[in-house]
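Inspection log for the structure reproduced underneath, given as structure tokens.
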Amino acid sequence: FHGIISREQADEILAGVEGAYILRESQRQPGCYTLALRFGNQTLNYRLFYDGKHFVGEKRFESIHDLVTDGLITLYIETKASEYISKMTTNPIYEHIGYATLLREKVSRRLSRTKNESRKASVTSEENTPVEKITSLVRRAALTQNDNHFNYEKAHNFKVHTFRGPHWCEYCANFMWGLIAQGVRCSDCGLNVHKQCSKYVPNDCQPDLKRIKRVYCCDLTTLVKAHNTQRPMVVDSCIREIEARGLKSEGLYRVSGFTEHIEDVKMAFDRDGDKADISASIYPDINIIAGALKLYFRDLPIPVITYDTYSKFIEAAKISNPDERLEAIHEVLMLLPAAHYETLRYLMIHLKKVTLHEKENFMNAENLGIVFGPTLMRPPEDNTLATLNDMRYQKLIVQILIENEDVLF
């Protein structure tokens, strides 16, 4: 650290020493600090920040020395290979990876989830083969050929990642350079790519069950693709149990079960997945199962009726002409992601069955709309006043969906 000195003085100190650096305090803005770095026979000046770690851009470093090391690597690569870097994404290996067909078939057998026990046995027998060590890219290629895998589109969930040891981008097959945060990794399927390459990767994420740590609070599309199901297995399991023994239960979905028992069901699904036991022998009160289903919908990071479509549904509900309103709702339904649409469709068929037993359970479409409106749709912004104003339209949307499920879906 050289105190308050000018750019010219910093340039004199660093002259002729490639890779050398000093820190200085700004003459124009005391209290602000600058990293002066010698590279390419010139002195480069960067505004230096600290929030517990040092940074001049988006990467954070434990020490200035690490920051400079990473910066020199990046500067060298960008200077010596700028033309090559600009063309990296133009001829990706992503769509034609060229791995052996046999390997892809083994992966496909391991990852496809079916009820066939003999299929399961063949998968188990291969647990210790080299297939265990395949990259996420091979897994993706295998799954795209798997007819059993539901073809819902899903964007990758990329997050900045620091790779230990040499790594290569699975999109362009080029080296991932830098000291830290060399690229991004999809937290759902494990795909590793350059940050610039991530913009070109198709929305074909195939989540890996090993990476999905829970069932509740997990993105809906991510969950169904990881489990290879049309809908979240929580929805299927709970509805199956409710229809088997609870359709005539008075106040179904309106009467609350014990919160601690509902939490037990949630933990059972998070722990055991589709093997969770929610039978009458464990939970005799059907309101516990109904409560667990409602909790699943409330806990979704993106509601069944997504944030993107929320305002369109509300506007459709405000249309006074019944036929035009129905048409508008149908058009917005078509905008839902496939997994969300399928889940909503299945739930509405179930809720229609609930209304057929209204004499016993006292739950008509309007009552169910009151219960499920705020559960299935939430405004994008957490605005209490807007939420209160929209509640009657939320109720109306669900009521219309139930009453017209055979037409709308």
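The values are calculated or read from the model by the stated rules, or taken from the named source; none is laboratory data. Computed from a predicted model, the values in this text were never measured in an experiment. Note: ideal-geometry Cβ built from the backbone for every residue, glycine included; neighbour counts use all protein chains shown. Please note that ligands, DNA and RNA were not included when accessible areas were found on the heavy atoms of the full protein model with its side chains. Shrake-Rupley method; radii C 1.70, N 1.55, O 1.52, S 1.80 Å.
Annotations
- When the GluC sites (Glu not before Pro) in the range 1-56 are filtered for DSSP coil states and for at most 12 other beta-carbon atoms within 10 Å of their beta-carbon, the remaining sites are Glu18.
- Percent antiparallel among DSSP beta bridges (both partners in the chain, rounded to 5): 90 percent
- Counting only heavy atoms of the protein chains and using a 1.4 Å probe, Phe269 has close to 0 Å² of accessible surface.
- Within the full protein context, the accessible area of Leu333 is estimated at about 0 Å² for a probe radius of 1.4 Å.
- Taking the chain and dividing mean pair separation by its residue count, relative contact order in percent (alpha carbons under 8 Å, at least six apart): 10 percent
- Glu62-Glu358 FRET efficiency (beta carbon distance; Förster radius 51 Å; 0.05 resolution): 0.20
- Extension gain (nm, one decimal) between Ile73 and Gln42, 0.36 nm per residue minus Cα-Cα: 9.5 nm
- Scalar couplings 3J(HN,Hα) for the range 204-211, obtained by applying the Karplus form with A = 6.51, B = -1.76, C = 1.60 to θ = phi - 60°, are 10, 4, 10, x, 9, 4, 5, 9 Hz; x denotes Gly and Pro.
- Leading residue at positive end of dipole, the chain (Cβ point charges), from Ser198, Ile180, Ile282: Ile180
- Relative to the longest principal axis of the Cα atoms of the chain, helix 64-80 runs at roughly 90 degrees.
- Within the range 307-407, the ratio Rg/Rh, alpha carbon atoms throughout and Rh by Kirkwood, equals 0.95.
- Taking the chain as a Gaussian network of alpha-carbon nodes connected by springs under 10 Å, the highest mean-square fluctuation of the residues Gly273, Gly19, Gly183 belongs to Gly19.
- Interchain or long-range residues, amide H under 5 Å from Lys154's placed H: Asp204, Cys205
- Farthest positive-ward along the range 298-409 dipole, Cα basis, beta-carbon charges - from His357, Thr375, Ile302: His357
- Taking the Cα centre of the chain as origin and assigning +1 to Lys and Arg Cβ atoms and -1 to Asp and Glu Cβ atoms, the resulting dipole is close to 780 debye.
- Per-residue 3J(HN,Hα) values for the range 23-39, derived from phi via the Karplus relation 6.51 cos²θ - 1.76 cosθ + 1.60 with θ = phi - 60°, read 10, 9, 8, 5, 6, 6, 10, x, x, 9, 10, 10, 9, 9, 10, 8, 8 Hz in sequence order (x marks Gly and Pro).
- GNM result for the chain, Cα springs below 10 Å: residue of Asn157, Asn174, Asn41 fluctuating most strongly: Asn41
- Ordering Thr74, Val265, His54 by the projection of their Cα atoms onto the charge dipole of the chain, which places +1 on the Cβ of Lys and Arg and -1 on the Cβ of Asp and Glu, puts Thr74 at the extreme positive end.
- In the chain, helices alone account for a calculated mean residue ellipticity at 222 nm of -14000 deg cm²/dmol, with every DSSP H run of four or more residues adding -39,500 (n - 2.57).
- If you take the alpha carbon atoms of the chain and fit the smallest convex hull around them, that volume is 210 Å³ per residue.
- Stokes-Einstein diffusion coefficient of the range 1-73, Kirkwood radius over Cα pairs, 25 °C, 0.890 mPa s, in µm²/s: 198 µm²/s
- Relative contact order (%) - the range 7-87, alpha-carbon pairs under 8 angstrom, separation at least six: 18 percent
- Percent of alpha-carbon pairs separated by more than 26 Å within the range 217-375: 29 percent
- On a per residue basis, the convex hull of the C-alpha atoms belonging to the range 226-299 measures out at 90 Å³.
- Per-residue SASA remark: Phe61, around 10 Å² accessible (1.4 Å probe; ligands, DNA and RNA not included).
- Between Cys189, Cys205, Cys172, the residue with the greatest mean-square fluctuation in the GNM of the chain (Cα pairs under 10 Å linked by springs) is Cys172.
- Angle in degrees between helix 233-245 and the longest Cα principal axis of the chain, rounded to the nearest 10: 10 degrees
- Taking the longest Cα principal axis of the chain as reference, the axis of helix 307-317 is set at about 40 degrees.
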